[in-house]
Amino acid sequence: MKNTMKLRKVLSTLAAFVLPALTLGAAAPAHAAVTVDGNAWYTLVNVNSGKALDLYNWMTGDGAEFRQWSRHDGANQQFQLVSSGNGYYRLKNRHSGKVVDVWNLSTADGAAVNQYTDHDGVNQQWQLVGSDNNAVRFINRNSGKVLEVAGASTADGGDVTQYTDYSGRNQTWALVPVGATTPPPGGGTGNVALPSSFRWTSSAALMAAKPAAQFPEVAIKDPSVVYYNGLWHVFSTQAKGNGWGLEYRSFTDWSNAGAATPYFLDSTAIGGGYRAAPFVFFHAPSRLWYLVFQNGNAAYSTNPDIGNPGGWSALKTFYGSVPQIVQQNTAGGNGNWLDFAVACDAADCHLFSAGDNGQIYRSQTTLANFPNGFGNTVIALQDADRNKVFEAPQVYKVRETGQYLLIVEAIGSGGRYFRSWTASSLGGTWTPLAATESSPFAGDANVSFPTGKWSQGISHGEMLRSGYDQNVEISACNMRFLYQGLTPGAKDSYEKLPYRLGVLTQTNSPC
């Protein structure tokens, strides 16, 4: 139920507080890190929009709706967390004295969240899940669904509903004591910084080629990975020996990754032919999974259910043709346009790509218009030495610092390695972090192999994210990297090199 209320009280005497965009919490619950003072009053600030949970129009009756609104710390934006026991709380509004209630005990996605007289009902009880008070998801005891701003809206008046938990920024809230300063810009906790150098330890090779009768495979490459609904979902390039395709595997734990059976996406509506270097994410506004990949252009497919590998749509492309700047800079055999990755903020989505020529490109469109409207393709990063900015760009939001981290694969004297840069926005400017072969983000110089060195160099891979939506967030406190590795001394044509996949774990965490 949503009431139709057109009047809005103007709060001209209250100062407005601006909360910069926050960052997403870790995918795995960390209940102990969220602290609650039962005597305190809190403002609940949405991580995606920076706006507060608001009792709309200051109504006091049962059924009055909650929306988001610019923060002013008025009584209609203040909540006390009243314990129901067993880790559940009711959210009591200071103005009305009533609690946040999923209307009519609904368990449906999109069900209204209104206020109602407190009767300690299961539809009024919420579990707080998150890594700290700046990144909390509220899970309803009755439905198992989370409190969210519908459609990832950033506007005053955006609807507040319940929806299936996908660790989205629009489903994540900062629990801010009334009168307290807001979290640091970018959503960082303020006490963690990325290190200036990195150290890693590598697993053994965890995933290898698994050919099937009608699907030849000599290597598995270019992985993209998310954790969702209790499973790791890994999309990779299927190296056929004389061409490229896409494959999918899923498993519960990395210890059984090797037993996972590949599903070859040639058999889906994506179809056969040149498809490579996948990148997967959940686009929260459209409630669709996107699989982005190269096919000579920047291609994508969508699926409402990542767990259904047969459900991917026929491919489309972001561009009608290769952007002019890319054509010019890769003409005459001077590179190839490839390795596409998406990263979004609260307003825009950015598509990053490589030229195999010392240049990384960036295009953008609005979050609302995605996947349409990509334009203004520019050079985001470049180096006169093409080997130093080669391919496999990935961009992540670092939850604890609010920074963006860009990693790019390079070719060094000892094999492939990754360089890194940081920026305060997706538009750059990018400042080198760990960016040399002797002190890389990840490479032979800073990776140890406790079970024996099985890879020469660290090649195309992806960070294990703390969420899985379009914001592509990672935690500085739990950095792991899924990468493709090559047996030292292996030699063959590029299409036949026997790449396998392993996982790096950072050993010098700043946390």
Once T237, T302 are ranked on solvent-accessible area with the largest value leading and a 1.4 Å probe, the list reads T302, T237
Any aspartates and glutamates whose Cα falls less than 13 Å from that of K496, other than same-chain ones fewer than 8 residues away, would be E217
The simple spin-label model distance between L231 and N376, using points 7 Å out along Cα→Cβ, in nm, is 3.9
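May I ask you to derive the FRET efficiency for A212 and T431 from their Cβ-Cβ distance with R0 = 35 Å, giving the value to the nearest 0.05?
Working: r = 46 Å, r/R0 = 1.31.
According to the calculation, E is roughly 0.15.
Over the chain, what is the percentage of antiparallel beta bridges among all DSSP beta bridges, to the nearest 5?
Numbers: 120 of 125 bridges.
So the antiparallel bridges in the chain amount to around 95 percent.
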The chain: spread of alpha-carbon positions along the three principal axes, whole Å, largest first, is 73, 47, 45
In nm, the gap between the two label points placed 7 Å beyond Cα toward Cβ at I325 and D62 is 5.9
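About the Cα centre of the chain, what is the dipole size in debye to 20, counting +1 per Lys and Arg Cβ and -1 per Asp and Glu Cβ, all else neutral?
140
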Listed by chain and number, the aspartates and glutamates with an alpha carbon less than 18 angstrom from that of K92, same-chain partners under 8 positions apart left out, are D37, D54, D62, E65, D73, D101, D118, D120, E148
Contour minus Cα-Cα span, A75 to S313, at 0.36 nm per residue, comes to 80.9 nm
Sorted by accessible surface (1.4 Å probe, heavy atoms of the protein chains only), largest first, H350, H119 come out as H119, H350
Scoring segment 361-511 by relative contact order with C-alpha pairs under 8 Å, at least six apart, yields a percentage of 15
Per the 1/(1 + (r/R0)^6) rule, R0 = 22 Å and r from the Cβ atoms of T487 and W254, FRET efficiency to 0.05 is 0.60
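Roll a 1.4 Å probe over the protein chains and send me the accessible area per residue for the chain in Å². Mind showing how you got there, number by number?
On the way: 18040 Å² over 511 residues.
That works out to 35 Å² per residue.
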Heavy-atom accessible area of the chain with neighbours in place, 1.4 angstrom probe: carbon+sulfur share in percent works out to 50
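Net charge near G402, counting Lys/Arg +1 and Asp/Glu -1 over other residues with Cβ under 15 Å of its Cβ?
On the way: positive: R169, K397, R399; negative: D132, D345, E400, E473.
Cβ neighbours under 15 Å give a net charge of -1.
Would you kindly state how much longer the chain becomes between T164 and T366 on full extension, computed as 0.36 nm times their sequence separation minus their alpha carbon distance, in nm to one decimal? Intermediate results must be reported in sequence, preceding the final value.
Working: separation 202, 0.36 × 202 = 72.72 nm, distance 2.43 nm.
Full extension of this stretch gives 70.3 nm more.
Could you give the C-alpha radius of gyration of segment 219-324 expressed as a fraction of 2.2 N^0.38 Å, taking N as the number of residues it contains? Don't skip to the answer; put the middle values down first.
Numbers: Rg = 13.5 Å, N = 106, 2.2 N^0.38 = 12.9 Å.
Normalised by 2.2 N^0.38 Å, the Cα Rg of segment 219-324 equals 1.05.
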With the 8 Å Cα cutoff and a minimum separation of six or more residues, the chain has a relative contact order in percent of 14
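In what sequence, largest accessible area first, do L194, L406 appear using a 1.4 Å probe? It would help to have the intermediate numbers written out before the result.
Values: L194 25, L406 0 Å².
Largest to smallest exposure gives the sequence L194, L406.
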If unit charges are put on Cβ atoms (+1 for Lys and Arg, -1 for Asp and Glu) and the dipole of the chain is taken about its Cα centre, the option from T107, S250, N336 lying farthest towards the positive end turns out to be T107
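Under the classification rounded if a/c is under 1.5, otherwise prolate if a/b is larger than b/c and oblate if not, where does segment 62-136 fall, given a ≥ b ≥ c as square roots of the Cα gyration tensor eigenvalues?
Numbers: a/c = 1.29, a/b = 1.04, b/c = 1.25.
Taking the square roots of the gyration eigenvalues as a ≥ b ≥ c, segment 62-136 is rounded.
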Expressed in angstrom and rounded, the centroid-to-centroid distance over alpha carbons for segment 350-426 and segment 228-273 is 24
Rounded to the nearest 10 Å², the 1.4 Å probe accessible area of S493 is 50
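The values are calculated or read from the model by the stated rules, or taken from the named source; none is laboratory data. These numbers come from a predicted model, not from an experiment. No Cβ is skipped: glycine too gets one built from the backbone with ideal geometry, and neighbour counts run over all protein chains shown. Accessible surface is based on the protein model in full, side chains and every heavy atom, while ligands, DNA and RNA are left aside. Shrake-Rupley method; radii C 1.70, N 1.55, O 1.52, S 1.80 Å.
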